[in-house]
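Asks: I'd like to ask you about the structure that follows.
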Amino acid sequence: MNDNRQDQLMKQINEANFSVNDLTLYLDTHPEDQDALKLFHQTLKQKKEAAQEYEKLYGPLEVCMTSEGTGKWTWGSMPAPWEGGTCQCGTMKSGSNTL
Amino acid sequence: MWNYEKRLQYPVKISKPNPRMAQVIISQFGGPDGELAASMRYLSQRYSMPYREVSGLLTDIGTEELAHLEIVGAIICQLTKNLTPEEITASGFDKYYVDHTTALWPQAAGGIPFNACEFQSKGDAITDLTEDLAAEQKARTTYDNILRLVKDPEISDPIRFLRAREVVHFQRFGEGLRMVQEQLDSRNFYAFNPEFDKVKQLQ
């Protein structure tokens, strides 16, 4: 069940952010297009909301989204984006020590 | 500067390794018309582009190409997992494997290492944008060639996405070129180079 919610949120993030990416390029060459501007802000808002919910449940997608108060550095152990299919990374058994 | 988001612009979920396809697809990682060439081309050209809107376009498309480089990397990573020595030898992947194991290293499918000579940053607004238009078509053709060889829909799905983006980038660069031309003398676009000349030098 948790996986379904995670996949669902990631799908929302991917779709909303793709719209943001595509419209960024379009607005670069059509800076006066009001419809595009409106859709850009709409889908940016959708992306931010989905990403915020994702971060609360599964950890930050961007380092600047790291929530304080959990007392843990989660950014470093977030899954690598290229994992999936046959590719899996493991977490380190012990952190690096300089002493 | 760049921020990083720990997700792919388009998902890659390949369940069946295929080192033969990895050997082919690596051209879009480090080949002459691949995503590394594209991103370095646009991100290099942007500094001397005198029109903010067009240098902004170069930054934005260049950034997206870095995201595409990552998608291609993910495809190759997933295609080369859990390989046996027999599979490596039978697929022809052994020539790459001996030098890199299953790490990613920028080269073309035929073995030529990535090289700055594979792109230009010429410092002339019309020339650079024309180079960029060609680059997007070369990338599209490369993806078309890959799609003819791929049978597995888990591989062709992200490849089709990347191909579609090249077509959109081509469109945007065309618009960028027109924006530059609008700033120039329509009786002679080549009268001077807006990236360098302060006044008309050439007639």
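The values are calculated or read from the model by the stated rules, or taken from the named source; none is laboratory data. Owing to the predicted nature of the structure, the values given are computational and were not obtained by experimental measurement. Neighbour counts run over all protein chains shown; Cβ positions are idealised from the backbone, glycine included. To get the accessible areas, we keep the full protein, side chains included, count just its heavy atoms, and leave off ligands, DNA and RNA. Shrake-Rupley method; radii C 1.70, N 1.55, O 1.52, S 1.80 Å.
Asks: Return the residues of segment B:64-85 that are more than 13 Å from chain A (Cβ to nearest Cβ) and over 14 Å from residue B:18 (Cβ atoms); say none if nothing qualifies.
Replies: B:85
Asks: Consider segment B:4-31. How many of its residues are more than 23 Å from residue B:98 (Cβ to Cβ) and open to solvent by 50 Å² or more (accessible area, probe 1.4 Å)? Show your work before the answer.
Replies: The initial filter retains those residues of segment B:4-31 that are more than 23 Å from residue B:98 (Cβ to Cβ), namely B:4-16.
Narrowing further to those that are open to solvent by 50 Å² or more (accessible area, probe 1.4 Å): B:4, B:10-11, B:13, B:15-16.
Adding up the residues that qualify gives 6.
Asks: Which numbered condition trips up residue B:1, out of (1) among the hydrophobic types (A, V, I, L, M, F, W, C); (2) part of a helix (DSSP H, G or I); (3) open to solvent by 20 Å² or more (accessible area, probe 1.4 Å)?
Replies: (2)
Asks: Among the numbered criteria (1) more than 11 Å from the chain's Cα centre (by Cα); (2) open to solvent by less than 40 Å² (accessible area, probe 1.4 Å); (3) over 30 Å from residue B:103 (Cα atoms), which single criterion is violated by residue A:54?
Replies: The one condition residue A:54 does not meet is (1).
Asks: Could I ask something else about it? Looking at segment B:74-92 only, could you name the residues that are surrounded by fewer than 23 Cβ atoms within 10 Å (Cβ to Cβ) and touching a helix residue (DSSP H, G or I) at 6+ places or on another chain (Cβ under 7 Å)?
Replies: B:83, B:87, B:88, B:91, B:92 - these are the residues of segment B:74-92 that are surrounded by fewer than 23 Cβ atoms within 10 Å (Cβ to Cβ) and touching a helix residue (DSSP H, G or I) at 6+ places or on another chain (Cβ under 7 Å).
Asks: Something else now. Identify, please: which residue in segment A:10-24 is within 11 Å of chain B (Cβ to nearest Cβ) and either over 20 Å from the mean Cα position of the chain (by Cα) or over 19 Å from residue B:164 (Cβ atoms) (or both) and is, among those, most open to solvent (accessible area, probe 1.4 Å)?
Replies: Ranking the candidates gives A:10 first.
Asks: Checking residue B:191 against (1) modelled with pLDDT of 95 or more; (2) surrounded by fewer than 17 Cβ atoms within 10 Å (Cβ to Cβ); (3) among the aliphatic types (A, V, I, L, M), which test does it fail?
Replies: Checking residue B:191 against (1) modelled with pLDDT of 95 or more; (2) surrounded by fewer than 17 Cβ atoms within 10 Å (Cβ to Cβ); (3) among the aliphatic types (A, V, I, L, M), the one that fails is (1).
Asks: Quick check on residue B:183: is it in contact (Cβ under 8 Å) with a residue 60 or more places away in the chain and loosely packed, with under 13 Cβ neighbours inside 10 Å?
Replies: Yes: the conditions hold for residue B:183.
Asks: Further, regarding this structure: Restricting attention to segment A:28-51, which residues are more than 16 Å from the chain's Cα centre (by Cα), within 11 Å of chain B (Cβ to nearest Cβ) and surrounded by 18 or more Cβ atoms within 10 Å (Cβ to Cβ)?
Replies: Restricting attention to segment A:28-51, the residues satisfying the condition of being more than 16 Å from the chain's Cα centre (by Cα) are A:28-42.
So of that shortlist, the ones also within 11 Å of chain B (Cβ to nearest Cβ) come out as A:28-31.
Selection gives A:28, A:29.
Asks: Continuing with this model, one more query. If a residue has to be within 14 Å of chain A (Cβ to nearest Cβ), of a type outside the set (D, E, K, R) and touching a strand residue (DSSP E or B) at 6+ places or on another chain (Cβ under 7 Å) to count, how many in segment B:12-51 make the cut?
Replies: So the answer is 1.
Asks: Given the condition open to solvent by 60 Å² or more (accessible area, probe 1.4 Å), assigned to a loop (DSSP other than H, G, I, E, B) and within 14 Å of residue B:27 (Cα to Cα), answer yes or no: does some residue in segment B:111-119 qualify?
Replies: yes
Asks: Sticking with this structure for a sec: Residues of segment B:93-103 being open to solvent by 20 Å² or more (accessible area, probe 1.4 Å) and either among the hydrophobic types (A, V, I, L, M, F, W, C) or out of contact with any Lys or Arg (no Cβ under 9 Å at 6 or more places or on another chain) (or both), which ones?
Replies: B:94, B:95, B:97, B:98, B:99, B:100, B:101, B:103
Asks: How many residues are within 22 Å of residue B:83 (Cα to Cα), more than 7 Å from every other protein chain (Cβ to nearest Cβ) and at pLDDT below 85 if we restrict to segment A:65-90?
Replies: 3
Asks: Return the residues of segment B:127-176 that are of a type in the set (Gly, Ala, Ser) and under 30 Å from residue B:51 (Cα atoms); say none if nothing qualifies.
Replies: B:134, B:135, B:139, B:164, B:174, B:176
Asks: Within segment A:12-45, track down each residue that is farther than 23 Å from residue B:7 by Cβ and among the basic types (Lys, Arg).
Replies: Scanning segment A:12-45 gives a single hit, A:38.
Asks: Any chance you could count how many residues in segment B:16-69 are under 11 Å from the mean Cα position of the chain (by Cα) and part of a helix (DSSP H, G or I)?
Replies: So the answer is 21.
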